[in-house]
């Protein structure tokens, strides 16, 4: 399942690993042509001692996405990286009593998540990256 608002930069394929007792034993390439579905067949249920194998699937990393597995269903959620830039503009006729620095808070849902100190040395510009 893709959770990416039908992004146009989805990969053309993904790889899903089948793990048997934590070790990769098979890999399938999955594409839109197969409706992003995959099947692992003819799996042995028990080892030579009669102990049941534990099977699970894991997706190989997909750039720009976070993968979450629930049973055999894999959901890929697009992870956006944001940059917020700004400039403090003084409207004071070049007053000589400006502060030497100001602090700019970045808020997320009303809470401060980062603070930048802004000065004349940076032309009163600030950047919050990798949000």
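The values are calculated or read from the model by the stated rules, or taken from the named source; none is laboratory data. What you see is a predicted model; the values in this text were computed from it and never measured. Heads up, the Cβs are rebuilt from the backbone with ideal geometry, glycines too, and the neighbour counts pull from every protein chain shown.
Among the residues that make up the stretch 10-19, is at least one of them more than 22 Å from the chain's Cα centre (by Cα) and free of Cβ contacts under 8 Å to residues at least 60 places away in the same chain?
Checked the stretch 10-19: at least one residue is more than 22 Å from the chain's Cα centre (by Cα) and free of Cβ contacts under 8 Å to residues at least 60 places away in the same chain.
Just for the stretch 79-94: of the residues that are at pLDDT below 90 and out of contact with any strand residue (DSSP E or B) (no Cβ under 6 Å at 6 or more places or on another chain), which one is nearest to residue 38 (Cα to Cα)?
80
Looking for something out of contact with any helix residue (DSSP H, G or I) (no Cβ under 6 Å at 6 or more places or on another chain) and within 30 Å of residue 1 (Cα to Cα) - is there at least one such residue anywhere in the stretch 88-106?
no
Of 62, 112, 118, which residue is touching a strand residue (DSSP E or B) at 6+ places or on another chain (Cβ under 6 Å), closer than 24 Å to residue 131 by Cα and not in a strand (DSSP E or B)?
From the options 62, 112, 118, the qualifying one is 62.
Looking only at the stretch 50-61, decide whether some residue is modelled with pLDDT of 95 or more, surrounded by 14 or more Cβ atoms within 10 Å (Cβ to Cβ), over 26 Å from residue 78 (Cα atoms) and more than 18 Å from the chain's Cα centre (by Cα).
The answer is yes; a qualifying residue exists.
Would you mind stating whether residue 109 is more than 30 Å from residue 5 (Cα to Cα), exposed (fewer than 12 other Cβ atoms within 10 Å of the Cβ) and not assigned by TED's automatic domain parsing to the domain that holds residue 15?
no
Residue under question is residue 36, and the condition is that it be in contact (Cβ under 8 Å) with a residue 12 or more places away in the chain, on the phi > 0 side of the Ramachandran plot and part of a loop (DSSP other than H, G, I, E, B); does it hold?
yes
Test each condition in (1) surrounded by 12 or more Cβ atoms within 10 Å (Cβ to Cβ); (2) modelled with pLDDT of 95 or more for residue 66 and report the one that comes out false.
All conditions are met except number (2).
I need the full set of residues from the stretch 65-90 which are touching a residue at least 12 places away in the same chain (Cβ under 8 Å), outside any strand (DSSP E or B) and either outside the structural domain of residue 11 (by TED's automatic domain parsing) or under 30 Å from residue 117 (Cα atoms) (or both), in order please.
Once the filter is applied, which keeps residues that are touching a residue at least 12 places away in the same chain (Cβ under 8 Å), outside any strand (DSSP E or B) and either outside the structural domain of residue 11 (by TED's automatic domain parsing) or under 30 Å from residue 117 (Cα atoms) (or both), the stretch 65-90 yields 79, 81, 82, 83, 88, 89, 90.
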